[in-house]
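The values are calculated or read from the model by the stated rules, or taken from the named source; none is laboratory data. In this text, all values refer to a predicted model and were calculated from it rather than measured experimentally. Here the Cβ is made from the backbone with ideal geometry for all residues, glycine too, and neighbour counts use every protein chain on show.
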Amino acid sequence: MARPETRILQLSGVSSIDAALREGAPVALLLVQKDAKDEAVQELALRARAAGVPVREASANVLRRMSQVEPVGEVLALLGRTPGGDLEQVLAGPGAVWLLVGTTYPGNIGMVARTAEVSGADGVVIDAELDRAKRKAALRFSMRADWYMPVLWERANVVLAGAQEAGRRIVGIEDVGTQAPWEVDLTGRVLFVVGGETHGIPAPVLERCDSLVRIPTSGFIPSYNLQAAVAAVAAERLRQAAFS
């Protein structure tokens, strides 16, 4: 049976989070409101840091958007997958990893990273010639997905070699594909590959894919935008996992 995506759990409130830390629960990240007035929240953040838990300051609006629990307080703990990791650790994980090759627009990169995180991916790796300012812009567009999963920058050939060594299937999403997403097993340990906005996936990378999927179209415009294509495949993966 295919493994479903990692479920991320949340805790809100100082007492609940403090108890989880004391019990050794797998607290992966603490989000603390920037202007938190409760001293207990600040003390909790200090204890979390001492326990090796990453602590991020966020606005009240971010906490409100992120929270799946009520009431929304000044601190939120996320339990589940580890938000950090290098390439080897990411590729060794149990879920999906996304590789972007030649993508040039920070907005597209950010939206893809956000979609990958929402769908429970283990990480995103980007092979693109972007300067520091554009990389930072991409992370802003992603709603800071890099806080919740690894977002790495690495050459495609290194990622592909690592994926093959880790035993991952490699699935490319390109208009030369001959199968629809629902005709391919997208569950389990998969490296998904998407190309740039103009030229798509480079031929040497296509040759290393185990499967190539094409999202059907029926309009005059020949292709979807990048994040829409990624969302379609990510949602199909979740559907397959739910029914397997």
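Tabulated data
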read-out: Which numbered condition Gly167 misses (of (1) of a type outside the set (Val, Ile, Thr); (2) assigned to a strand (DSSP E or B); (3) exposed (fewer than 13 other Cβ atoms within 10 Å of the Cβ)); value: (2)
read-out: Residues (out of contact with any strand residue (DSSP E or B) (no Cβ under 6 Å at 6 or more places or on another chain) and farther than 21 Å from Tyr105 by Cα) located in the range 177-198; value: Thr178, Ala180, Trp182, Glu183, Asp185, Leu186, Thr187, Gly188, Arg189
read-out: Of all residues in the range 187-199 being in a loop (DSSP other than H, G, I, E, B) and under 16 Å from the mean Cα position of the chain (by Cα), the one that is surrounded by the most Cβ atoms within 10 Å (Cβ to Cβ); value: Thr187
read-out: Residues located in the range 212-244, provided they are within 16 Å of Val176 (Cβ to Cβ), surrounded by fewer than 19 Cβ atoms within 10 Å (Cβ to Cβ) and either acidic (Asp, Glu) or out of contact with any helix residue (DSSP H, G or I) (no Cβ under 8 Å at 6 or more places or on another chain) (or both); value: Arg214, Pro216, Thr217, Pro222
read-out: Of the criteria (1) touching a residue at least 12 places away in the same chain (Cβ under 8 Å); (2) surrounded by fewer than 15 Cβ atoms within 10 Å (Cβ to Cβ), which one Arg64 fails; value: (1)
read-out: Members of the range 107-140 that are among the aliphatic types (A, V, I, L, M) and assigned to a helix (DSSP H, G or I); value: Ile109, Met111, Val112, Ala113, Ala116, Val118, Ala133, Ala137, Ala138, Leu139
read-out: Output for the range 191-210, where each listed residue is modelled with pLDDT of 95 or more and in contact with a Ser or Thr (Cβ under 9 Å, 6 or more places away or on another chain); value: Val194, Gly195
read-out: Unmet requirement for Val53, which otherwise passes all of (1) of a type outside the set (S, T, N, Q); (2) in contact with a strand residue (DSSP E or B) (Cβ under 8 Å, 6 or more places away or on another chain); (3) assigned to a helix (DSSP H, G or I); value: (3)
read-out: Residue satisfying all of: in the range 146-164; out of contact with any strand residue (DSSP E or B) (no Cβ under 6 Å at 6 or more places or on another chain) and part of a helix (DSSP H, G or I); surrounded by the most Cβ atoms within 10 Å (Cβ to Cβ) among these; value: Leu160
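Listed here are the residues, each with its yes/no results for (1) of a type in the set (A, V, I, L, M, F, W, C); (2) under 26 Å from Ala163 (Cβ atoms).
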residue: Ala50; (1), (2): yes, no
residue: Glu57; (1), (2): no, no
residue: Met66; (1), (2): yes, no
residue: Ala77; (1), (2): yes, no
residue: Thr82; (1), (2): no, yes
residue: Asp86; (1), (2): no, yes
residue: Leu91; (1), (2): yes, yes
residue: Thr103; (1), (2): no, yes
